1. Using Cα positions and a limit of under 28 Å, work out the lysines in reach of K81, with same-chain residues fewer than 8 apart set aside.
2. How do the peptides 431-442, 501-512 rank, highest first, by the average count of neighbouring beta carbon atoms within 10 Å per residue?
3. Can you give me the distance in nm between label points at V528 and R492, each placed 7 Å from the Cα along the Cα-to-Cβ direction?
4. Roughly how much of W175 is accessible, in Å² to the nearest 10, using a 1.4 Å probe?
5. Note the full-extension length gain between V521 and I367 as 0.36 nm times their separation in residues minus their Cα-Cα distance, in nm to one decimal.
6. So between T195 and V331, what do we pick up on full extension, going 0.36 nm a residue minus the alpha carbon distance?
7. What accessible area, in Å² to the nearest ten, does a 1.4 Å probe give for R276?
8. Along Cα→Cβ, 7 Å out, is where each label goes; now give me the distance between the ones at A17 and L212 in nm to one decimal.
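The values are calculated or read from the model by the stated rules, or taken from the named source; none is laboratory data. This is a predicted model, so every value here is computed, not measured. Note that we place each Cβ from the backbone using ideal geometry, even for glycine, and neighbour counts take in every protein chain shown. For accessibility, only protein heavy atoms count, side chains too; no ligands or nucleic acids. Shrake-Rupley method; radii C 1.70, N 1.55, O 1.52, S 1.80 Å.
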Amino acid sequence: MRRNRRSAESTHRQVKATLCVILPGLFLATLDQTIVTTAVRTIADDLDSYSRQAWVTTAYLAAATVTTPLYGKLADGYGRKPLFAAAITLFTVGSALCAFAPSMPALAAFRTVQGLGAGGLIALTFTMIGDLVPARERSRYQGYILAVYGIASLLGPVIGGLLAGQSTILGITGWRWVFLVNVPIGLATLVAVITRLRVPSPPRTRTSVDWLGAALLTAGLVPLLVVADQGRTWGWASGRSSVCLAVGVVGILGFVLVEARLGERALLPVRAFGNRAFALGVLISFLIGAVVYGAIAVIPQFLQVVKGSTPTVAGLQMVPAVAGLVVGSVVCSRMISRTGRYRKLTMSGIAILTAGSLLANRVTAEIDVSAIMAFIFVVGIGLGCVLHPLTVAIQNSLPPTDLGVSTAAAGFFRQIGGTLGVAVFLSIVFAQLPGRLTSELETASETAEFRAAVARSMSGSDPAVTALARGLAARDPDSLGVVREDSSIVQRLDPALAQPFADAFADAFRAVSPVVCGLGVAALLAAVMWKELPLRRGSQTPEVSAVEGAAQMKNLSSGPHSAVTE
């Protein structure tokens, strides 16, 4: 008994020491995901590319998506520590480059470098915790992870808004500090990883890297993202859109064929999808990823463009969403630790998330901000009840020897969903916007109040406002281009002149809500068909888990019939 107690205490100390070293990496990645949400509108306006802002997020997510399975595969073969150090290095270098980007295309390129590192930070953090802690007991330490995640998420929008709201700081444009703040954190984390990190690793083996699969995955995803972003401009049936779609489909099919041929050497072993629990888990992760990243990209835009919130205020207004996420995550982690069950929690979270999406469909330009904050709090609770159970369940669905692959798969499909979600959601907004603007302005032009506002604005001191007013007076549709490229002009307009623009933006943003709701319903249907496997109690390290691995392989081969049902 004393020996077991000493062993448990030693393991507890080891886990806490590991958390102290690796959690700054999780903090770094989480902070960057949320710190940009309230700043991107200011960045896009400053670089005169508001309608192209999707690439600031999608470039980051696309790179993270492609590299996530690579990190998982390499970590299983060569160890966690060197891969984690490489991920931090890439992320820090990318952050420094982003801080001095001269244009939106350059910023998107540098965000790609960031994403190459981000693909490993979150996945490897959860993998290393999985090495040390069995699935059933993992929620005991989830409080540490959730605390870091919650603090970073809460601080991210506020810090991003505060920095983006400053004209300059130490002679550097305020929004550029959104990326600069990552550099000292990244360097400190890198030093800690090199000098202090001690984690168990699988036996060193010669692992062949599936570079062909990675190249085909890139060739498949990038064209699909391009057409999702540019299809509204090119025309969905145009030649360029058709070529991108064809290349994307061929790339994805080629990736699937290569993965099937490579077997265990593949980035994502195809045999894992024979396990229904794993397959449905990653499908739910894909759908929820689209909702998460899409909502994070759209909501701050609505608050700033339609409600006139400054970046700092918009960050504060996002706090209820993050608070709801933390509350939902804490409750779920404790329930999983106590009961070992996760399926019903996941279904409840998806249902709450879908209900929040339905409420968001009631949002108009006139709605009170407090109502919006209440809606996003509900959405946050739903997300919190989904994200943690999904990660634990997907890790548990494969043998311990595949811990890196299973963790990477959870992040991989979540990132794919998120990347496509951001591109599609923002594409919907900007596809809807021209028609909505034209309709609202035609209606408003019939009122004397609007015509008087146009006349007053034509002689104002703001050149951009004057040019827009003259274009409206001349009924020149090209004059609306300035609003689509620099949305901050809406807040500088006469209230009577600004109202139709606010209404048009609100209608365009609201068009996203039915799509989000549909994704939620699809995820709920997948969760209904989901089977539940008992959470492992033993060690997760490969060298001491042969018996459990054999049992899990039996589950893989027998499929859903061996799963534990509700």
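1. K16, K73
2. Final packing ranking: 501-512, 431-442.
3. Result: 5.2 nm between the two label points.
4. The accessible area of W175 comes to roughly 0 Å².
5. Working: separation 154, 0.36 × 154 = 55.44 nm, distance 2.58 nm.
Full extension from V521 to I367 adds 52.9 nm.
6. Details: separation 136, 0.36 × 136 = 48.96 nm, distance 3.51 nm.
Net length gain for the segment: 45.5 nm.
7. For R276, solvent-accessible area is about 90 Å².
8. 4.4 nm
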